[in-house]
Amino acid sequence: MADIAIWAGSSTFATGATPFGFYDSDSSFQTDADKVANFCTTRLGYPLMDVELTSGSIYACFEEAVTTYGTEVFNYKIRENYLNLEGSSTGSTVNNQLVDPSLNRIIQISQHYGTEAEVGGNVRKYSGSIEISGSKQEYDMDLWATDAGITGGIEIRKVFYEAPPAIMRYFDPYVGTGTGIQSMMDVFGFGSFSPGINFMLMPVSYDVSLLQGIEFNDQIRKSHYSFELVNNRLKLFPAPIASGSLYFEYYKQSDKAAISTNSDKTIITNVGEVPYENITYDHINAVGRQWIFRYTLALAKEILAYIRGKYTTVPIPGAETTSPSRTIASFLCSPDLDARSLVKSVNFESESDLSSRDTIHSLSGYTAIASEISLPVKAAGPSS
């Protein structure tokens, strides 16, 4: 079997020792790197047995563990604050910033609701009319839009028929003229008041509410006219008996479907543009670092499984014996499943998902398994 690198028993971290160098200049990372290397190799059996890992391999696992932890933390932050972040600038990092609640996106969303409910919104409403003819009951509104030069289609919002304005029912112009017509004012409780004084004293909102109530009542309970709109084909009930104009209000579909673009990537339009950078290791608390140490160990086990699973024979004094490499690999890789459980834990999953984390301690029984599969177990102390 070819010679492979064996853990030397100690390590000294230096800048450039990790694949990407994300945290090499962080003094806390530099200090912990060698401690983590010693922790992982001890958990993997050293010094009772050789560990086929170099310091560089463990540093790479350590860097990946820190990056994974930061990813999980910032994914949570993005999920919680995305409505407040969307539309803001991508120019500066938000790693260590407190994201203040903002109603900007909520207001934009409410404007769309306002458009649909016709209580505001940000889409312009247009007016139009079609000529109706006696006995013709159905009209193609898409054809009307095409004839009117409108592209992208229209959405009919309201169809009018010729009815007396609600104000005519609210204010009777004949009251006080000596004709004795007081019925309209009596209906609304103003029969004993002069119309002029009443309109100056009552709030405008009160008058508006009354007018809206009259119009709604007329439409729901008193209207003799109705329509059906299916696929922008307007059907009138009852069928017109004379020619005339029918007025309606509509939205242009192109206005409602307008989407702003961000070609220069100066504002946040998706979660991939939120300016979070790699987490600062020095800012991670003890709880987070414990998670990182255990994740580093799980990654180191994965690498060790690949290395030991490569060889089908193991040397013994005076001969070689067949090594059940698949057993070794499957045993050492199983803690990597625990690494995924650790990711779930930082995502605040249920406690039941964390039960498998105990498997990370199972490697303490590696010596027994090593003897069972005829791996050499060395005495305590440095390699000879």
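Please treat every number below as a calculation from the coordinates, not as lab data. Note that the coordinates shown come from a computational prediction; the quantities given were computed from them, not determined experimentally. Here the Cβ is made from the backbone with ideal geometry for all residues, glycine too, and neighbour counts use every protein chain on show.
Using the beta-carbon distance between N84 and S254 and R0 = 25 Å, what value does 1/(1 + (r/R0)^6) give for FRET efficiency, to the nearest 0.05?
Efficiency, from the Cβ-Cβ distance: 0.25.
Modelled label positions at S135 and I6, each set 7 Å beyond Cα in the direction of Cβ, lie 10.6 nm from each other. With R₀ set to 41 Å, the beta-carbon distance separating S226 from T266 gives a calculated FRET efficiency near 0.20.
For segment 1-160, the Cα-based Rg and Dmax, in that order, read 32.3, 101 Å. Working note: Karplus 6.51/-1.76/1.60 with θ = phi - 60° gives segment 301-306 the couplings 4, 5, 4, 4, 5, 4 Hz, where Gly and Pro are set to x.
Look at where the Cα atoms of segment 79-108 and of segment 1-56 average out, and the two centres are 39 Å apart. Scanning residues 5 or more positions from I154 or on other chains, those with amide H under 5 Å from its amide H are Q253, with H placed 1.01 Å from N in the peptide plane. Each peptide in 35-46, 142-153, 96-107, 284-295 gets a packing score, the mean of other Cβ atoms within 10 Å over its residues, and the list from highest to lowest is 35-46, 284-295, 142-153, 96-107. Between Q290 and T151, residue separation times 0.36 nm minus the direct Cα-Cα distance comes to 44.0 nm.
Ordering of 4-14, 125-135, 50-60 by packing is 50-60, 4-14, 125-135, highest average first (other Cβ atoms within 10 Å, averaged per residue). If R0 is taken as 56 Å, the Cβ-Cβ distance between E116 and I241 corresponds to a FRET efficiency of 0.95.
Note on Q108 and Q212: their simple-model spin labels are 2.8 nm apart, each label 7 Å out from Cα toward Cβ.
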